[in-house]
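To start, the structure under review is shown below, and the notes come after it.
The values are calculated or read from the model by the stated rules, or taken from the named source; none is laboratory data. Bear in mind the structure is a predicted one, so any value in this text is a computation, not a measurement. When we count neighbours, we look across all protein chains shown, and the Cβ atoms used for this are built from the backbone with ideal geometry, even at glycine. Just the protein is used for accessible areas: all its heavy atoms, side chains included, with ligands, DNA and RNA removed. Shrake-Rupley method; radii C 1.70, N 1.55, O 1.52, S 1.80 Å.
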Amino acid sequence: MMYGLFALALVVIGVFIYSEMRQKPLRSFALKGLSSAMFLAIYLYGVATTTSIQSHPLVVGFFGIGLVFGLIGDLVLALRSMRPQEENHRIILYGTLSFMIGHVFYYFALLSYGSFEVLALLIALILSNATFLASRVMRLNWGPSKWPSLVYSFFLFLVAAQSLLIVINNGFSSYHTTLLLGSVLFAASDLVLAQIYFAPKPMTQLIPVNLSLYYAAQLLLAFSISLI
């Protein structure tokens, strides 16, 4: 059944990406919601068919909340193509806040599984500052989304760094490796997204890359619950 869910998710996501590139806003909105619902379905199936909820209730609960905020963020950002241009930065702001809240819960989940790591904070600070410096070199036009996006980047890298340290401290089990891959792909997807949203000449040709990385990340994070 899990393999069937993954196959269905890949089909739905593929159709959504195709629709997005064909600039069909209303259809894309519906397909994006359905695509994001697929990673929730994989999460719920994992909860229902494994003992993860009994063995790690906080991890499972926090991950579920994080995935829900990911779904909300997806739907908010999907509104961009259906709203006036002057609302663009406001929509990005609300979407960013939703994803940031989701990553706070992902981080809580990782803390519930492992332990607090000062090194993870340092890595996140270094990478978020490096992102800020790189954005100045690339002359990204953040507008009012600048500081919310940079704060979000801290939590994005914090989750990836915490996942890396869990792997280093506990080994490359299937669960740890899936966590690490999911969190790293999530960070990569948002680095690509910044080029689409904020570059002087938005690089819309990167949309399939961004969406592929993003959905791979969320599917892996959702699937990780089945591997605890």
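Any number yet on Rg/Rh for the chain, C-alpha, Kirkwood? Taking Rh as the inverse mean 1/r over Cα pairs, Rg/Rh reads 0.96.
Modelled this way, with points 7 Å down the Cα-to-C-beta line, the labels at Thr204 and Met21 are 1.4 nm from one another. Loop-resident chymotrypsin sites (Phe, Trp or Tyr not before Pro) (DSSP state other than H, G, I, E or B) in the range 1-37 with no more than 13 further Cβ atoms inside 10 Å of their Cβ are absent. Tell me, what % of the accessible area of the chain is carbon and sulfur with a 1.4 angstrom probe? That fraction is 70 percent. Over the range 33-167, accessible surface divided per residue gives 47 Å², non-protein components excluded, 1.4 Å probe.
The calculated FRET efficiency for the pair Phe132 and Met2, based on their C-beta separation and a Förster distance of 35 Å, comes to about 0.30.
Site pair Leu34 and Leu121 shows an inter-label distance of 4.5 nm when each label is modelled 7 Å from Cα along Cα→Cβ.
Just to verify a number: FRET efficiency for Ser212 and Arg90, C-beta to C-beta distance, R0 = 22 Å, to 0.05?
Working: r = 27 Å, r/R0 = 1.22.
The calculated FRET efficiency here is 0.25.
A Förster distance of 25 Å, applied to the separation of the beta-carbon atoms of Ala41 and Asn169, puts the FRET efficiency at 0.20.
Grouping the Cα pair distances of the range 153-228 into 5 Å bins from zero gives a pair-distance distribution of 3, 18, 22, 21, 15, 10, 6, 3, 1 percent in increasing distance order. Of the chymotrypsin sites (Phe, Trp or Tyr not before Pro) found in the range 122-228, the ones in coil according to DSSP and having at most 11 other Cβ atoms within 10 Å of their Cβ are Phe172. For the range 91-179, the relative contact order comes to 44 percent (Cα pairs under 8 Å, sequence separation of at least 6). Averaging the sequence gap over all C-alpha pairs within less than 8 Å and six or more residues apart, then dividing by the number of residues, gives the chain a relative contact order of 23 percent.
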